[in-house]
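*Asks:* Shown below is the structure under consideration.
Throughout, read-outs are computed from the coordinates displayed, never taken from laboratory work. Computed from a predicted model, the values in this text were never measured in an experiment. Cβ coordinates were reconstructed from backbone atoms using ideal geometry, including for glycine residues, and neighbour counts include every protein chain displayed.
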Amino acid sequence: MHPFPSLHEIASAEGTAVCLFESMLTKSQYVPETSYRVGPFTVDILRHKTRTIYSPRLTLGSTKDIDILRAALEAIEASHFVPRKFPRSLGDFIEMVQKEVAPLLCGCYLDPLLASRVVAYEYIGLTRLMPVFEDHLVDELFVDDPLLPPYLEHRTHGRCDLGYSLTERELESVRTHAEIYGGVSPSYRTPSIKTELHLGGVKLRVGLDTYPVAYTGFSLHIRKVGGNALTLTALARGGDVPIEASSLLLACLQNRLNVTIIGPSGSGKTTLLNALDMSIDPRLRRVYVEDAVESIDLAAWGFRQLKLRVPSIETGYDEGQNKLKEVLKTLHRSPDILILGEVQDASHSSAMFQAAEAGITGIQTFHSYSPEQSIRRWTSTHGIQREQLADLGVLATMVRASPFSPRRQLVRISAILPSIQLIDIYRSEQGVVFENLARLEQERNLANSSLHSSLEAFSKWLHRAFVEGFFDQNDFLEYAVSERPVTD
């Protein structure tokens, strides 16, 4: 039995705050920067010299609530609760536990839905990670060493220390649920796995490394997908991707040019890919071929999505199912847009270029610092022939000014001409390079001024969404479905 071992009362003016963990710093050492709510938690962002601390605390309406929550937990554990049907995801299991404990929370000041969710998280041993998982401002969590405090990527405050080490029970809980609901287990032969955990509207991409690969015996990387994904208008508001740049990328896709988003790790490549996906005409048939499913689910808004999953590099390839073979089969699935996710190795690159040669418009991401470096990597490392580069389309370069900063920025959009010449059609310091855009239209034999007219239409469409405040994912998607730009 684990009756909230991490909870303890702390003194406050009202006597109603319950701290979720012992802070690694004393009050004299840190400076409070801001606070905000995440469900039943208050998240404090603290500054300590050059470090930023992410410090959640469970805020209850009354200290009596602790006894009620603890009693509900003891009751559910004593009953040896087993769901009537096997849950399809971790989120489903949490909801099943919530329904079981909800009747036991009479007299609890905290909202019953939130209170039952706290108990459910404690039942599976992940209470201290609940605010991290459910905070839409947190994108990633890293555990490099099980004995050291984790750290995370925050959309507003950049890299933050979590301030406490995870317990063995918490680490084992993540591992166990990743194995149960992901269908893969680490072993001596395959010590690294990559899978997903679903928590309602949020999907956690979980990467686990164990012995002998992990020197410390265990490492963990969790990336959140979905939830409140960033839209193109939100990226514009933050100064990361100006409307002019995102409109140009949409214009390129409208005119059947492939888009590859390049940049180093953590530069916002997948974020931009998902933002573009939300903005493309929902009537288009999207086919996704991904090893780690990082695309967001848009079916609820009427988008047409076929998602195919292939084994990841970490778990080894299945000869009968890999990204290249699925792309070849996809040629007969009539996709309007092919989304490959991350292009990692030579077989992925081969899949990408074969699709492009077949005339399929695609969006994908690729680790590289520049278009020039990307081309060198494709030709010298991945075996792509120079003449194949003519089908590449455009490359959008994302950068991150500092590993500790939340800012990601689109700095270049480059096009490959049929002559295999690389030209920039957008630069962050200049904007759209219209003479190069005209040259791209001419050499690609596009309709007269088609890129220019599409750029103008998408720019007006996104500006309207920006002015009307459609920054949130739900608001933007409703706008994207009901108000389409006239690009013909």
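*Asks:* Using the Cα centre of the chain as the reference point, and only Cβ charges (+1 on K/R, -1 on D/E), how large is the resulting charge dipole? Debye, rounded to the nearest 20.
*Replies:* Dipole about the Cα centre, nearest 20: 520 debye.
*Asks:* Angle between the Cα long axis of helix 243-254 and the longest principal axis of the chain, 0 to 90 degrees, nearest 10?
*Replies:* Helix 243-254 sits roughly 60 degrees off the main axis of the chain.
*Asks:* Once you list every other residue whose beta carbon is under 12 Å from the beta carbon of L73, what net charge do they have if Lys and Arg are +1 and Asp and Glu are -1?
*Replies:* Numbers: positive: R70; negative: D67, E74, E77, E100, E122.
So the environment of L73 carries a net charge of -4.
*Asks:* Here's something else I'd like to know. What would the Debye formula give as log10 I(q)/I(0) at q = 0.06 Å⁻¹ for the alpha-carbon point model of the chain, no solvent?
*Replies:* Cα-only, vacuum Debye calculation for the chain: -0.30.
*Asks:* Under the rule of at least 5 residues apart or a separate chain, name every residue whose amide H is placed under 5 Å from the amide H of R51.
*Replies:* Answer set, sorted by chain and number: none.
*Asks:* Quote the relative contact order of the chain in percent (integer), defining contacts as alpha-carbon pairs under 8 Å separated by 6+ residues.
*Replies:* On the way: 929 pairs, mean separation 57.9, N = 488.
Rounded, it is 12 percent for the chain.
*Asks:* With a sphere of radius 11 Å drawn around the Cβ of G393, what net charge do the other residues whose Cβ falls strictly inside it have (Lys, Arg +1; Asp, Glu -1)? Don't skip to the end; give the middle numbers.
*Replies:* Values: positive: R256, R444; negative: D391.
Here the charged neighbours net out to +1.
*Asks:* Order these peptides, 197-204, 63-70, by their mean beta-carbon neighbour count within 10 angstrom, highest first. Mind dumping the intermediate values first?
*Replies:* Working: 197-204: 19.4, 63-70: 17.9.
So the peptides 197-204, 63-70, ranked by packing, come out 197-204, 63-70.
*Asks:* Hey, another quick one. With θ taken as phi - 60° and the coefficients 6.51, -1.76 and 1.60, list the Karplus ³J(HN,Hα) couplings across the stretch 477-484 in order, rounded to whole Hz; mark glycine and proline as x.
*Replies:* Once rounded to whole Hz, the list reads 5, 4, 5, 5, 6, 8, 10, 9.
*Asks:* For the stretch 458-471, take each phi angle, set θ = phi - 60°, evaluate the Karplus expression 6.51 cos²θ - 1.76 cosθ + 1.60, and give the result in whole Hz per residue in order, putting x for glycine and proline.
*Replies:* Those phi angles translate into 5, 5, 5, 5, 6, 4, 4, 4, 5, 5, 7, x, 8, 9 Hz.
*Asks:* Projected area of the stretch 232-482, taken from the Cα convex hull and averaged over every viewing direction, in nm²?
*Replies:* Working: hull surface 52.9 nm².
Quarter of the Cα hull surface area: 13.2 nm².
*Asks:* 222 nm [θ] for the chain, helices only, -39500 (n - 2.57) per DSSP H run of 4+, per residue, to 500?
*Replies:* Numbers: 14 runs with 152 residues, N = 488.
Result for the chain, helices only: -9500 deg cm²/dmol.
*Asks:* Considering the options I243, N445, V132, tell which one lies farthest towards the positive end of the dipole of the chain, charges being +1 on Lys and Arg and -1 on Asp and Glu at the Cβ, about the Cα centre.
*Replies:* Looking along the dipole axis, the top candidate is N445.
*Asks:* Rounded, prolate or oblate for the stretch 8-226? Axes are the square roots of the Cα gyration tensor eigenvalues, ordered a ≥ b ≥ c, and the cut-off for rounded is a/c under 1.5. Spell out each step's value before the answer.
*Replies:* On the way: a/c = 1.89, a/b = 1.07, b/c = 1.76.
Oblate.
*Asks:* Taking amide hydrogens as modeled 1.01 Å from N in the peptide plane, which residues meet the under 5 Å criterion relative to I425, leaving out close sequence neighbours?
*Replies:* Under 5 Å from the amide H of I425 lie the amide H atoms of I413, S414, A415, each far enough along the sequence or on another chain.
*Asks:* While we're on this one: What ranking do 459-465, 272-278, 44-50 get when scored by the average of other Cβ atoms within 10 Å per residue, highest first? Write down the numbers at each step before the final one.
*Replies:* Details: 459-465: 18.7, 272-278: 23.0, 44-50: 14.4.
Ranked from most to least packed, the peptides come out as 272-278, 459-465, 44-50.
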